[in-house]
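Peer 1: The following block contains the structure, expressed as structure tokens.
The values are calculated or read from the model by the stated rules, or taken from the named source; none is laboratory data. The structure presented is a predicted model; accordingly, all values stated were derived computationally and were not measured. All Cβ positions, glycine included, derive from the backbone under ideal geometry; neighbour counts span all protein chains shown. Calculation scope for accessible area: heavy atoms of the full protein, side chains included, ligands and nucleic acids excluded. Shrake-Rupley method; radii C 1.70, N 1.55, O 1.52, S 1.80 Å.
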Amino acid sequence: MAAHAHKTREKHDHTAGANSRQLTIALALTGTFLVAEIIGGLYFNSLALLSDAAHMFTDAAALAIALVAIKVGQRAADDKRTFGYRRFEILAAAFNAVLLFVVAGYVFYEGIKRIFAPEPVGSIGMLAVASIGLVVNLIAMRVLAAGKDKSLNIKGAYLEVWADMLGSLGVIVAAIVITLTDWRWVDPIVAIGIGLWVLPRTWILLRDTTHILLEGAPRGMVLGEVRGAISAIDGVDSVHDLHVWVSGADQSSCTVHVVLTAGAEPEAVRVAVAALLEQRFDIHHCTVQTETEPCGDADDGHR
């Protein structure tokens with residue numbers, strides 16, 4: 001078991017290193033363009049550009065926080081935080097989601113004002129800035145794509161860059177329409193549209209991070225199936241006090257009390273339960289307590 005834990009730790013360190021490189025490249029791209037887009041949005045008086053810049057800012061913030069989260073998450077467990085610091089990544093992802101909601105609120109407010117009182121917009125400059133932004137977003141998405149299914153922070157950053165890419169497309173279309181028709185109200189409409197596009201994805205990110213912070217079971221896992229599989233092992237009479245949760249985006253943990261049948265070998269049953277959890281449910285961190293009769297926790301409703 002100790003050798004297995006060592007391999008798991010090496011895997012996490014390798015994944016963190018890869019994620020760190022991806023985030024650093026993406027941060028350099030988005031951070032560099034962010035300044036240009038803010039200047040362009042102010043100079044050309046485009047709310048759509050500023051809306052896209054706001055999302056670009058949250059991208060840069062997400063990437064920077066994610067880098068810090070990876071470094072902090074690699075710190076070993078200590079006497080104060082016995083599970084280590086991996087959950088800091090989840091806190092960072094939740095903060096990014098909340099930040100996006102705040103930005104969307106501002107864009108909606110300002111956009112509604114401009115719909116009823118359209119302001120002059122420099123559509124040609126707006127088009128040029130948005131086109132550069134599209135290229136930057138496409139490159140950043142390519143960099144982040146490989147790690148988006150392994151880390152909530154990478155996933156959050158990828159979703160934000162994805163939204164920015166669509167935002168850049170929207171700004172390009174708006175700039176062309178304004179240039180051809182002088183319909184200045186198109187600018188705030190596109191800005192609001194960008195906000196509406198990103199909100200559902202932001203909600204998913206916030207939902208997933210909240211689920212982890214509340215120590216919910218891994219998504220897709222049915223606790224009844226886990227309980228039933230353990231109960232079917234030879235030597236197991238009953239199961240109670242079963243808990244499965246996620247401490248990080250990719251690290252499931254489990255604790256369970258197993259009541260043995262008469263004559264069952266405790267160590268053999270414990271090894272069998274641990275092997276089942278690992279092979280069938282992909283749970284590599286578990287604590288199995290074997291008992292000859294149910295303890296007081298058997299009455300806690302987790303039979």
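Peer 1: Residues that are farther than 30 Å from Cys295 by Cβ: which helices (runs of 4 or more DSSP H) entirely in region 139-254 hold 1 or more of them?
Peer 2: Values: elements: 152-181, 186-213, 223-231.
Result: 152-181, 186-213.
Peer 1: Still on this structure, I have one more. Quick one: is Ala191 within 32 Å of the chain's Cα centre (by Cα) and farther than 30 Å from Leu213 by Cα?
Peer 2: yes
Peer 1: Name the residue that is most open to solvent (accessible area, probe 1.4 Å), counting only residues in region 41-52 that are under 30 Å from the mean Cα position of the chain (by Cα) and at pLDDT 80 or above.
Peer 2: Leu50
Peer 1: Tell me which residues, restricted to region 260-277, are open to solvent by 30 Å² or more (accessible area, probe 1.4 Å), out of contact with any helix residue (DSSP H, G or I) (no Cβ under 8 Å at 6 or more places or on another chain) and either farther than 15 Å from Val239 by Cβ or touching a residue at least 40 places away in the same chain (Cβ under 8 Å) (or both). Talk me through it step by step, then tell me what you get.
Peer 2: Step one: of region 260-277, the residues open to solvent by 30 Å² or more (accessible area, probe 1.4 Å) are 261-263, 265-268, 270-272, 275-276.
Narrowing further to those that are out of contact with any helix residue (DSSP H, G or I) (no Cβ under 8 Å at 6 or more places or on another chain): 261-263, 265-268, 270-272, 275.
Listed by number, the residues that qualify are Ala262, Gly263, Glu265, Glu267, Ala268, Val271, Ala275.
Peer 1: Sticking with this one: All but one of (1) modelled with pLDDT of 90 or more; (2) touching a helix residue (DSSP H, G or I) at 6+ places or on another chain (Cβ under 8 Å) hold for Thr255; state the number of the condition that does not hold.
Peer 2: The failed condition is (2).
Peer 1: Restricting attention to region 83-107, and to residues there that are in a helix (DSSP H, G or I) and touching a Gly at 6+ places or on another chain (Cβ under 6 Å), which single residue is nearest to Ser20 (Cα to Cα)?
Peer 2: The initial filter retains those residues of region 83-107 that are in a helix (DSSP H, G or I), namely 88-107.
This time we only want the ones that are touching a Gly at 6+ places or on another chain (Cβ under 6 Å), so: 88-89, 93, 96, 104, 107.
On the way: Phe88: 15, Glu89: 12, Ala93: 15, Asn96: 17, Ala104: 28, Val107: 31 Å.
Among them, the one singled out is Glu89.
Peer 1: What tally of residues in region 105-138 results from selecting those that are under 18 Å from Ala163 (Cβ atoms) and of a type in the set (Val, Ile, Thr)?
Peer 2: Going through region 105-138 one residue at a time, the tally reaches 5.
Peer 1: Residue check, Trp203 against (1) at pLDDT below 90; (2) surrounded by fewer than 14 Cβ atoms within 10 Å (Cβ to Cβ); (3) more than 19 Å from the chain's Cα centre (by Cα), all met but one. Which one?
Peer 2: For Trp203, the exception is condition (3).
Peer 1: What are the residues in region 216-246 that are among the small types (Gly, Ala, Ser) and surrounded by fewer than 13 Cβ atoms within 10 Å (Cβ to Cβ), if any?
Peer 2: Within region 216-246, the first condition is being among the small types (Gly, Ala, Ser), and the residues that meet it are 216-217, 220, 224, 228-229, 231-232, 235, 238.
Correct list: Gly220, Gly224, Gly228, Ala232.
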